[in-house]
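So the structure is just underneath, and the comments pick up after that.
The values are calculated or read from the model by the stated rules, or taken from the named source; none is laboratory data. Quick caveat, the model's predicted, so the values are computed rather than measured. Using ideal geometry, Cβ is built from the backbone for each residue, glycine included, and neighbour counts are taken over all protein chains shown.
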Amino acid sequence: MVNKKLHKSALKEQEGVSPPEVTSSKTISKIKGKRKTQPGVQDLINGILKGDITALSRAITLVESKNLKHLEKANTIIKACLPKSNNSLRIGVTGVPGVGKSTFIETFGKHLTGLGKKVAVLAIDPSSTLTKGSILGDKTRMEELVKDENAFIRPSASGESLGGVARKTRETIILCEAAGFDIIIIETVGVGQSETAVHSMVDFFLLLKLAGAGDELQGIKRGIIEMADAIVINKADGDNIKRAKLAKVEFNRALHLYPEKDSKWKPGVSLCSALQQEGINEIWGMILKYVTLTKKNNFFETKRKQQNKFWLIQTIEEQLKSDFFNRPAIKKELKHQLQLIQTNKTTPFVAAEILLNL
């Protein structure tokens, strides 16, 4: 038979220790109140110009937000930071998933910080077409670089933007430059399609490739090589060195088939092992040669001006699209037209014409 008295006492709530004065409800209320206080726009601007990472991160969050109030603040911050921008070297890194982009960027970034450079990595993570979510795991993959005081890593979701580039990456570059970062590395999703967007916002476009993975022919076939300023065959170590050297020959042959670039730069092929930290210095040397050449023949500045025109048109197109789909009349009619399409009572082309005429 169970002793009822013991059973009851076992479940009885015991009296705890009184909380110390420092954690009293009054103090907790004050702490909570402080946490809710957000810095003003001018505070963020001052922080960014001083190189404060916290202020930079908060400003980027405002830039990426779809909230109209946040957009207004973000525009004010960008305008104030604009005079202090345009003074960095922007490098785009792309390649198929599994090519080792994160490992390469970490090794390359550590090499640059070792040379006294301040490096910002804007890593674009793919968004799910179903849930719209992203993992944003680049900080966990770049364990060493994330601890470097001269480096800043900002993962962003690609959303539905062209080429897997985050919607506001262009503005984020401006903020990072104003914060004193002289090297901006943009990592793309690496889907192998529509990398035009990242190419249109960087000075140097680096294409990472693998040897012995059927990637050589794919690279020769598609136009992504036309955009590349350098091809780097990663994972050239161990048993893979022989295959990597053969791949280098194949890519060099492929590059001769393409017309001369407006920059007068001849793209090269380089081998590297990001894991073994080999070939990194040679890649940096290649980038510096490109910068010297394009600044001498004025292509560097001309390209940036062309990029600004491109992003003006892109921004107008995005704004028009957003305004169109957010109109109440369009929302209502779109729902109706979708129902008609599903029941085969109209075609997508007729429905589109009706919506555009509204």
**Q.** Hey, PHE325 over 25 Å from the mean Cα position of the chain (by Cα) and not assigned by TED's automatic domain parsing to the domain that holds ILE225 or not
**A.** yes
Q. Can you name the residue in segment 97-114 that is part of a loop (DSSP other than H, G, I, E, B) and surrounded by fewer than 17 Cβ atoms within 10 Å (Cβ to Cβ) and, of all such residues, is modelled with the highest pLDDT?
A. GLY98
Q. Taking LEU275, is it assigned by TED's automatic domain parsing to the domain that holds SER102, within 16 Å of LEU210 (Cα to Cα) and touching a helix residue (DSSP H, G or I) at 6+ places or on another chain (Cβ under 8 Å)?
A. yes
Q: Test ASN252 against the stated conditions and say whether it is part of a helix (DSSP H, G or I) and either under 24 Å from GLY109 (Cα atoms) or in contact with a strand residue (DSSP E or B) (Cβ under 6 Å, 6 or more places away or on another chain) (or both).
A: yes
Q: Restricting attention to segment 44-72, report how many residues are over 21 Å from the mean Cα position of the chain (by Cα) and surrounded by 18 or more Cβ atoms within 10 Å (Cβ to Cβ).
A: 3
Q) Has segment 311-321 got at least one residue that is closer than 30 Å to LEU208 by Cα, in contact with a helix residue (DSSP H, G or I) (Cβ under 9 Å, 6 or more places away or on another chain) and of a type in the set (A, V, I, L, M)? A) no
**Q.** Yes/no for ALA254 being buried (at least 19 other Cβ atoms within 10 Å of the Cβ) and hydrophobic (A, V, I, L, M, F, W, C)
**A.** no
Q: Could you figure out which of (1) buried (at least 18 other Cβ atoms within 10 Å of the Cβ); (2) outside any strand (DSSP E or B); (3) at pLDDT 90 or above isn't true of PHE152?
A: (2)
Q. Of everything in segment 208-235 that's part of a loop (DSSP other than H, G, I, E, B) and crowded, with 21+ Cβ neighbours inside 10 Å, which residue is modelled with the lowest pLDDT?
A. ALA211
Q. Considering segment 305-320 alone, what residues qualify as being among the charged types (D, E, K, R) and surrounded by 13 or more Cβ atoms within 10 Å (Cβ to Cβ)?
A. GLU318
Q: Scan segment 155-169 for residues that are hydrophobic (A, V, I, L, M, F, W, C) and at pLDDT 85 or above and report the count.
A: 0
Q. Quick check: is even one residue across segment 183-192 more than 14 Å from the chain's Cα centre (by Cα), at pLDDT below 90 and hydroxyl-bearing (Ser, Thr, Tyr)?
A. no
(Q) I'd like the residue in segment 69-96 that is part of a strand (DSSP E or B) and either outside the structural domain of LEU207 (by TED's automatic domain parsing) or out of contact with any Ser or Thr (no Cβ under 8 Å at 6 or more places or on another chain) (or both) and, out of all such residues, is farthest from ARG154 (Cα to Cα). (A) LEU89
Q: Considering each residue of segment 115-136, count those that are on the phi < 0 side of the Ramachandran plot and either surrounded by 12 or more Cβ atoms within 10 Å (Cβ to Cβ) or modelled with pLDDT of 95 or more (or both), and give that number.
A: 14
